Amino acid sequence: MITTAPHFVSLVDQLANVRRWNRDRRWGLPESEFAAIDLAEASHASALVVDVLAVYLPPKAERKMDGVQWTCSELWDVASQRQPNAWCWDERKDGPKRVRLLDGIGHRPGVRRVTLDLAANWNRRKGVRPIDVRGRRSASAEILAAAAHFPDWVRSMNGDSVPFVCLAGYQVSLPTYEVWRHILCLSWSHFNRRINLSDNWADYYQDRFASPVLVGAPVNAVPLPG
């Protein structure tokens, strides 16, 4: 049961964040991306359904990263810098980070307003396997954008009243484990006040983690054939 309402900043403040990050981190997103965004606030029935300005970056040739990997890396960097401590799954493995999107989810560079249900697919009693609920509406970079915009939301996570989250729209491959069997998971440790971006098996039951989804039409869905 959700008993805590974390602080979510307005869309106007989020736009200021993205403009600043775009400038300071040299993302190269054009002004037209910002001018087209609808900033009208909307109300939602649940405390953990929220509007987010999500960022999707182009490839980074000099780092040999495609747009999906570059977006994941950059948004995690921003989110982690807004917390006192951070730990990333990539710190304990050798080789390049390998992240890709689930089949059916595309990647189109730009800035888009999305609505996220941050408590979707959460069952505190029985648990839920991400592999059973993931699909074209599963969130990925959108969750990292939320963590960057809303540091208070991250610190409110406890797995009980506010769930930790699986980024079920991502697939992860580790050099010493099964290829693409893993997903990324975002959590907060109250013991050492640390944000964690970890990996886990997609077919493990999670009773403290939600698997957030995009509410409404997925903005980056790959068109269905026919």
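When the distances between all Cα atoms of region 130-172 are binned every 5 Å from zero, what whole-number percent does each bin get?
Reading the bins upward from 0: 6, 21, 26, 24, 18, 5.
Quote to one decimal, in nm, the extra length available between F191 and R63 on full extension: 0.36 nm per residue of separation minus the C-alpha distance between them.
42.6 nm
Report ³J(HN,Hα) in whole Hz for each residue of region 162-167, in order, from the Karplus equation J = 6.51 cos²θ - 1.76 cosθ + 1.60 where θ = phi - 60°; Gly and Pro get x.
Calculated HN-Hα couplings, in order: 10, x, 5, 9, 9, 8 Hz.
Could you give the length gained by full extension between R20 and R181, i.e. 0.36 nm per residue of separation minus their alpha carbon distance, to one decimal place?
Taking 0.36 nm per residue and subtracting the Cα distance, the gain is 54.4 nm.
Compute the whole-percent fraction of alpha carbon pairs in the chain spaced more than 20 Å apart.
Values: 14532 of 25425 pairs.
Roughly 57 percent, rounded to a whole number.
Using just the helices of the chain, give the 222 nm mean residue ellipticity in deg cm²/dmol: DSSP H runs with n ≥ 4 each add -39,500 (n - 2.57), and the total is spread over all residues, rounded to 500.
Using -39500 (n - 2.57) per qualifying helix, the result is -6500 deg cm²/dmol.
Are there trypsin sites (Lys or Arg not before Pro) in region 123-226 that DSSP puts in a loop and that have at most 13 other Cβ atoms within 10 Å, and which ones?
Here the sparse-neighbourhood loop sites are R125, K126, R193.
For the chain, calculate the relative contact order in percent as a whole number, restricting contacts to Cα pairs under 8 Å that are 6 or more residues apart. Show your work: numbers first, answer last.
On the way: 460 pairs, mean separation 58.9, N = 226.
With pairs under 8 Å counted, the relative contact order is 26 percent.
Could you give the length gained by full extension between H7 and L39, i.e. 0.36 nm per residue of separation minus their alpha carbon distance, to one decimal place?
Extending this stretch completely gives an extra 9.7 nm.
Starting from the Kirkwood radius over alpha-carbon pairs of region 135-226, derive D by Stokes-Einstein at 10 °C in a medium of 1.306 mPa s and give it in µm² s⁻¹.
Once the numbers are plugged in, D ends up at 112 µm²/s.
Could you pull the accessible area for H107 with a 1.4 Å probe, rounded to 10 Å²?
60 Å²
If I build a Gaussian network model for the chain, linking alpha-carbon pairs within less than 10 angstrom, which residue out of S189, S211, S80 has the largest mean-square fluctuation?
S189
Please find the FRET efficiency linking E31 to D103, where r is the Cβ-Cβ separation and R0 is fixed at 35 Å, and quote it to the nearest 0.05.
Computed FRET efficiency for E31 and D103 comes out at 0.55.
Given the options A47, A146, A36, state which has the largest fluctuation in a GNM of the chain using a 10 Å cut-off (strictly under) for Cα springs.
Of A47, A146, A36, the most mobile in the Gaussian network model is A36.
Given a 1.4 angstrom probe, I'd like the percentage of the accessible area of region 48-128 that is carbon and sulfur, rounded to a whole number.
Carbon with sulfur: 44 percent of the solvent-accessible area.
May I ask for the net charge around L57, where only other residues with Cβ less than 12 Å from the Cβ of L57 are counted and Lys, Arg are +1 while Asp, Glu are -1?
Once all neighbours under 12 Å are counted, the net charge is +1.
The values are calculated or read from the model by the stated rules, or taken from the named source; none is laboratory data. Worth saying up front: this structure is predicted, and the values here are computed from it rather than measured. Cβ: placed from backbone, ideal geometry, glycine included. Neighbour counts: every protein chain shown. Just so you know, the surface numbers come from the protein's heavy atoms only, side chains and all, with ligands and any DNA or RNA stripped out. Shrake-Rupley method; radii C 1.70, N 1.55, O 1.52, S 1.80 Å.
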